[in-house]
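The values are calculated or read from the model by the stated rules, or taken from the named source; none is laboratory data. What you see is a predicted model, and the numbers here were worked out from it, not measured in a lab. Cβ coordinates were reconstructed from backbone atoms using ideal geometry, including for glycine residues, and neighbour counts include every protein chain displayed. To get the accessible areas, we keep the full protein, side chains included, count just its heavy atoms, and leave off ligands, DNA and RNA. Shrake-Rupley method; radii C 1.70, N 1.55, O 1.52, S 1.80 Å.
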Amino acid sequence: MDNKMLYHIGFSKEDLGKFPPEIALLSGDPQRANFIAQTYLQDVRILSENRGLHSYLGYLPNGKKILSATSGMGAPSLSIVVNELVQVGIRQIIRIGTCGSIQPHISVGSIVISKGALCRQGAANDIAPVEYPAIADPFLTVALVKAAQELKIEHYLGITASVDTFYEGQERTNSANPYLIRSLERITEEYRRLNIFNYEMESGMLFKMAGVYNFVAAAVCAVIAQRTMSENIILSTKDLAINNAILTAIHAATNFQLDQILT
């Protein structure tokens, strides 16, 4: 297995060196994975750009070896990437994503750190039953919260709605399909009343896989839309929000030591 190149991610465990990393920063957007690697990591090496699933190996400023990798969009793509990352030895994953706030007090430009997910994802049912909890690792999640506090970044810790589709599944009607099936009409208001903070498309799958595969996972998402006001992404603050999420994840990854917790 160590010398086998994984079909989708395009590299093997051997490519990670004699002392392979155990932690990965996972972004849906390959450009974000590249930006993280080129901006925040040292001695960066491209592992693969296969199928648009870009992966980079580098070092944090404290010398910790780390991956910056791409999950692609949505739960099915993420499930493939995460399975193969675990096969090459990754044991800790921080998702760095984007999201839309569904609570009026959570502003665009801030970040949401997920403590768990309402997982409305068909692909996740192949990993575990619907009832199986989609929960972030508490220790890595606290590390993200502490990082945001130390960096003085506006942040919120709460439950995420993780769904399969960007338009209909998030109750968007300003699209090619202005009609929703009845079960999705007013679903955002229902989630708001359930004290769910945000919409995104990957964390539920990631958390279920972490539970089943026995690895550590957490998620931090940049708020780029305020769904109590509009369906639109706010481009003027998008880069700021994403950078806040990246900085939080980098700071947490630098300071997180799983072996200290387990011992």
## Note on the structure
With Cα springs under 10 Å, the Gaussian network model of the chain assigns the largest mean-square fluctuation among Asn62, Asn244, Asn198 to Asn62
## Note on the structure
Phi angles of segment 72-82, converted by Karplus (6.51 cos²θ - 1.76 cosθ + 1.60, θ = phi - 60°) into ³J(HN,Hα) in whole Hz with x for Gly and Pro, give x, 8, x, 5, x, 5, 4, 4, 5, 5, 5
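For segment 94-253, what does the relative contact order come out to in percent, with C-alpha contacts under 8 Å and a separation of six or more? Mind showing how you got there, number by number?
On the way: 341 pairs, mean separation 70.2, N = 160.
Relative contact order of segment 94-253: 44 percent.
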#### Entry: Carbon/sulfur fraction of accessible area - the chain, other protein chains in place, 1.4 Å, %
53 percent
### Task
Over segment 122-258, average the accessible area per residue using a 1.4 Å probe and give it in Å², no decimals.
48 Å²
### Query
For the chain, modelled as a Gaussian network with Cα springs under 10 Å, which listed residue fluctuates most, Gly158, Gly28, Gly204?
Gly158
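Where in the chain lies the longest segment free of trypsin sites (Lys or Arg not before Pro) that are both loop residues by DSSP (not H, G, I, E, B) and have at most 13 other Cβ atoms within 10 Å?
Numbers: sites that count: Lys4, Lys18, Lys152, Arg186.
The answer is 19-151.
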### Query
What residue among Met229, Met73, Met201 shows peak mean-square fluctuation when the chain is described by a Gaussian network model with Cα springs under 10 Å?
Met229
### Summary
SASA check, Thr228, accessible area w/ 1.4 Å probe, all protein chains in place, rounded to nearest 10 Å², comes out at 60 Å²
### Message
Can you give me the Rg/Rh ratio for the chain, using Cα atoms for both radii and the Kirkwood formula for Rh?
### Response
0.96
### chymotrypsin sites (Phe, Trp or Tyr not before Pro) within segment 1-101: DSSP coil, no more than 14 neighbouring Cβ in 10 Å
Tyr7
#### Entry: segment 176-193 - phi-based ³J(HN,Hα) in whole Hz, Karplus 6.51/-1.76/1.60, Gly and Pro as x
5, 10, x, 10, 10, 5, 4, 5, 9, 5, 6, 5, 5, 5, 4, 5, 4, 5
